[in-house]
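Student: Can you read through this structure? Questions will come right after.
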Number of protein chains: 2
Amino acid sequence: MPHRRSAFFISDRTGITAESLGNALLTQFDMLEFKRETIPFIDTIEKAEEVARHICARAESDQHQPIVFISVVNAKVRSSLHVEDSALVIDFFDSFIGLLETELGHKATQTVGKSHGIVDNEQYDHRIEAVNFSLNHDDGVKLKDLDEADVILVGVSRSGKTPTCLYLALQYGVKAANYPLTPEDLDSPTLPRILLPFKQKIFGLTIDPQRLHHIRSERRPDSRYASIDNCRREVNEAESMFRHHGVPFISTTHKSIEEIASTILHKTGISRRF
Amino acid sequence: MPHRRSAFFISDRTGITAESLGNALLTQFDMLEFKRETIPFIDTIEKAEEVARHICARAESDQHQPIVFISVVNAKVRSSLHVEDSALVIDFFDSFIGLLETELGHKATQTVGKSHGIVDNEQYDHRIEAVNFSLNHDDGVKLKDLDEADVILVGVSRSGKTPTCLYLALQYGVKAANYPLTPEDLDSPTLPRILLPFKQKIFGLTIDPQRLHHIRSERRPDSRYASIDNCRREVNEAESMFRHHGVPFISTTHKSIEEIASTILHKTGISRRF
């Protein structure tokens with residue numbers, strides 16, 4: 001087993017920012033393996049000192065010094081995370097906040113809790129409303145109120161519509177409905193009649209037939225639904241329909257949910273709602 | 001209207017990392033307003049040069065120079081984003097990748113597309129499975145297979161269970177079911193019988209009655225369901241139930257969905273599934 005370097009993500013809040021950038025950097029070294037640990041909610045000097053002891057102990061037991069990503073806004077808490085002698089420290093706030101203070105002509109507030117807009121009830125309500133909209137308009141269950149939708153995702157069963165809608169709601173507060181193209185819908189190259197009034201809001205998802213076959217086989221092994229022939233046919237017909245109507249569409253095959261969602265926003269020009 | 005400084009988040013992928021850290025930094029200057037623009041998928045020299053022209057044009061029309069956050073792994077693409085003369089540039093990769101190369105003794109691969117584990121079908125499948133689990137076990141709809149759950153969130157109606165479950169699934173691949181405490185459940189301080197076998201997996205959500213009253217009133221104005229007296233009673237009874245059974249619980253009142261989710265993972269010791 002190769003030796004794994006320890007990597008810590010230390011945050012005064014959820015750790016999501018520290019993980020996001022830290023992992024983006026570490027995956028540039030994918031020839032190495034890392035033992036990752038996220039330590040959130042480090043917002044007092046006492047907690048910071050305890051984390052520092054934990055990291056120093058790890059540094060002593062490991063062959064190599066740990067990498068420590070720090071996203072902590074309070075300068076006193078940051079300086080209590082004193083591990084520079086035992087670890088490589090990448091401190092996001094320390095690195096950039098001074099530059100910004102100089103450029104903007106103001107001191108950083110050093111207040112924890114603004115960075116995800118957390119205490120903002122209006123934002124919360126907006127997100128929940130979008131989530132509920134997605135849940136109520138999942139899989140074509142409810143077709144009224146579609147005029148409220150920011151976007152309507154259309155595609156064959158298991159092309160990635162539901163998780164994308166939920167992600168759009170949670171991450172961006174965007175109201176996304178979805179409509180599954182059934183085998184009956186696919187018999188003709190025209191859009192399902194119910195969608196015609198909303199043609200401007202439709203965005204298509206497609207998927208490689210082989211990948212669709214794999215996904216559907218997990219769900220219903222050896223079914224006609226999952227067969228490669230049927231997957232090929234459905235995907236072909238769906239793409240023909242999109243082309244016939246000039247509906248923009250993307251393939252979800254090699255994309256993460258984040259990528260599918262941000263590509264849709266990018267291509268439609270819809271902007272985040274909070 | 002105060003002058004708003006332009007802030008750009010430039011990424012070779014979704015822009016989520018650049019936004020996450022950039023916004024964390026900018027919210028430290030909440031006395032100022034920013035005109036934010038995210039520009040994702042800048043992964044070629046041509047696109048980078050186009051963005052550079054866009055930013056330089058903005059710099060000329062604005063009173064102050066823009067702030068530009070860059071998260072781009074390819075060094076050639078990064079250097080084509082040559083806007084240092086017209087903007088304050090905060091370049092995450094440029095700032096840290098050299099440090100990491102020295103420490104780790106390897107060159108960065110400069111490959112776009114690993115940083116969210118995107119092409120990894122197994123991870124995708126895992127997330128989707130968790131999302132489907134959440135959808136199938138939302139609002140106590142389906143109580144079998146609860147032994148598959150990593151955690152079961154319990155709380156009164158509108159305490160934040162559903163969005164938290166979905167976020168746990170999407171962000172962490174964690175299988176989270178939820179069970180709403182009905183007025184009948186709350187008549188007695190014992191846990192609903194159906195939950196007893198899973199007591200170790202239960203995590204409680206509570207909420208300030210005033211805030212609950214507000215949320216429920218949006219949904220069903222002037223109902224008994226939404227009345228402040230009823231909200232107070234339900235919340236009291238739910239908290240008594242949690243205490244009676246030693247069920248850990250947190251208040252969602254002043255927390256974002258991210259914070260609720262990461263607090264649950266932190267307190268239960270459940271780790272991300274991908």
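Student: Under the rule of -39500 (n - 2.57) per DSSP H run of 4 or more residues, summed and divided by the residues of the protein assembly as shown, what mean residue ellipticity at 222 nm is obtained, to the nearest 500 deg cm²/dmol?
Tutor: Working: 20 runs with 240 residues, N = 548.
Theoretical 222 nm ellipticity from helices: -13500 deg cm²/dmol.
Student: I've got another one for you. Identify which of A:His245, A:His254, A:His106 has the largest mean-square fluctuation in a Gaussian network model of chain A, with springs joining Cα atoms closer than 10 Å.
Tutor: Evaluated over chain A, the most mobile residue of the options is A:His106.
Student: Right, another one. Choose one of B:Cys231, B:Val154, B:Leu196: the residue whose Cα lies farthest towards the positive end of the charge dipole of the stretch B:121-268 (beta-carbon charges +1 Lys, Arg; -1 Asp, Glu; about the Cα centre).
Tutor: Most positive-ward Cα: B:Cys231.
Student: With no solvent and one point on each alpha carbon, what is the Debye value of log10 I(q)/I(0) for the stretch B:161-255 at q = 0.15, 0.22, 0.26 Å⁻¹?
Tutor: Here the Debye-derived log intensity ratios amount to -0.64, -1.24, -1.41.
Student: Convex hull over the Cα atoms of the stretch A:99-234, averaged projected area in nm²?
Tutor: Mean orientational projected area (the stretch A:99-234, Cα hull): 12.4 nm².
Student: With charges only on Cβ, +1 for K and R and -1 for D and E, what is the dipole size of the protein assembly as shown about its Cα centre, in debye, rounded to 20? Before the final figure, lay out each step's value.
Tutor: Numbers: 66 positive and 78 negative charges, 211 e Å.
For this selection, approximately 1020 debye.
Student: Follow-up. Please report, in Å, the Rg and the Dmax of chain B, where both are computed over Cα atoms only.
Tutor: Taking only Cα atoms of chain B, I get Rg and Dmax of 23.9, 69 Å.
Student: Would the stretch B:5-104 count as rounded, prolate or oblate if I go by the C-alpha gyration tensor, calling it rounded below 1.5 in a/c and otherwise prolate when a/b exceeds b/c, oblate otherwise? Write out the running numbers ahead of the final one.
Tutor: Details: a/c = 1.78, a/b = 1.25, b/c = 1.43.
Judged from the Cα gyration tensor, the stretch B:5-104 comes out oblate (a/c at least 1.5, b/c at or above a/b).
Student: Right, here's the next one. Between A:Gln63 and B:Asp147, how high is the FRET efficiency from 1/(1 + (r/R0)^6) when r is the Cβ-Cβ distance and R₀ = 45 Å? Nearest 0.05.
Tutor: Working: r = 40 Å, r/R0 = 0.89.
Given R0 = 45 Å and the Cβ-Cβ separation, E is 0.65.
Student: Grab the beta carbon distance between B:Asn136 and A:His214, set R0 = 25 Å, and tell me the FRET efficiency rounded to 0.05.
Tutor: Result of the calculation: an efficiency of 0.75.
Student: Once amide H atoms are built 1.01 Å from N in the peptide plane, which residues 5 or more positions from B:Glu33, or in another chain, come under 5 Å H to H?
Tutor: Hits under the 5 Å cutoff: B:Arg5.
Student: To the nearest 10 degrees, how steeply does helix B:209-219 sit against the main Cα axis of chain B, on a 0 to 90 scale?
Tutor: On a 0 to 90 degree scale, this one is about 80.
Student: Might you tell me the accessible area per residue for the stretch A:5-104, computed with a 1.4 Å probe and given in Å²? Let's see the in-between values first.
Tutor: On the way: 3860 Å² over 100 residues.
Computed with neighbouring chains in place, this is 39 Å² per residue.
Student: Taking the Cα centre as origin and putting +1 on Lys and Arg beta-carbons and -1 on Asp and Glu beta-carbons, what dipole magnitude results for the stretch A:1-145, to the nearest 20 debye?
Tutor: 160 debye
Student: Packing-wise, with mean Cβ within 10 Å as the measure, how do B:200-206, A:143-149, B:33-39 rank, highest first? Let's see the in-between values first.
Tutor: Values: B:200-206: 20.4, A:143-149: 13.0, B:33-39: 17.7.
The packing order, highest mean first, is B:200-206, B:33-39, A:143-149.
Student: Something else: I'd like the Karplus ³J(HN,Hα) series for the stretch A:199-206: coefficients 6.51, -1.76, 1.60, θ = phi - 60°, whole numbers in Hz, and an x wherever there's a Gly or Pro.
Tutor: 3, 5, 9, 7, 10, x, 10, 10
Student: May I pose another question? For the protein assembly as shown, just list the percent of Cα-Cα distances falling in each 20 Å bin from zero outward, please.
Tutor: With a bin width of 20 Å, the distribution comes to 20, 52, 27, 1.
Student: Please give the Cα centre distance for the stretch A:35-113 versus the stretch A:186-247, rounded to the nearest Å.
Tutor: 49 Å
Student: Along the charge dipole of the stretch A:121-268, which of A:Cys165, A:Thr263, A:Asn136 sits closest to the positive end, that is, farthest toward it, with unit charges on the beta carbon of Lys, Arg, Asp and Glu (+1, +1, -1, -1)?
Tutor: Farthest towards the positive pole: A:Thr263.
Student: Amide H to amide H under 5 Å from A:Asp91: which residues, 5+ apart in sequence or cross-chain, H placed 1.01 Å off N in plane?
Tutor: Here A:Ile70 satisfy the definition.
Student: Among A:Val77, A:His244, A:Ile67, which residue has its Cα furthest toward the positive end of the charge dipole of the protein assembly as shown, with +1 on Lys/Arg Cβ and -1 on Asp/Glu Cβ?
Tutor: Going by the charge dipole, the pick is A:His244.
Student: Within straight cross-link reach of B:Lys201, meaning Cα distance under 12 Å, which aspartates and glutamates are found once same-chain residues fewer than 8 apart are removed?
Tutor: Cα-Cα hits under 12 Å: B:Asp147, B:Glu148, B:Asp150.
Student: A further question on this structure: Grab the stretch B:87-187 and count how many Lys pairs have their alpha-carbon atoms under 23 Å apart, sequence gap of 8 or more, or different chains. The partial results should precede the final answer.
Tutor: On the way: B:Lys142/B:Lys161; B:Lys142/B:Lys175; B:Lys144/B:Lys161; B:Lys144/B:Lys175; B:Lys161/B:Lys175.
For the stretch B:87-187, qualifying lysine pairs total 5.
Student: Continuing with this model, one more query. Where the only charges are on Cβ atoms (+1 Lys, Arg; -1 Asp, Glu), what is the dipole of chain A about its Cα centre, to the nearest 20 debye? Spell out each step's value before the answer.
Tutor: Working: 33 positive and 39 negative charges, 148 e Å.
Rounded to the nearest 20 debye, it is 720 debye.
The values are calculated or read from the model by the stated rules, or taken from the named source; none is laboratory data. These figures come from a predicted structure and were not determined experimentally. Every residue, glycine as well, gets a Cβ built from its backbone with ideal geometry; the counts of neighbours run over all protein chains shown. Note: areas computed on protein heavy atoms with side chains; ligands, DNA, RNA excluded. Shrake-Rupley method; radii C 1.70, N 1.55, O 1.52, S 1.80 Å.
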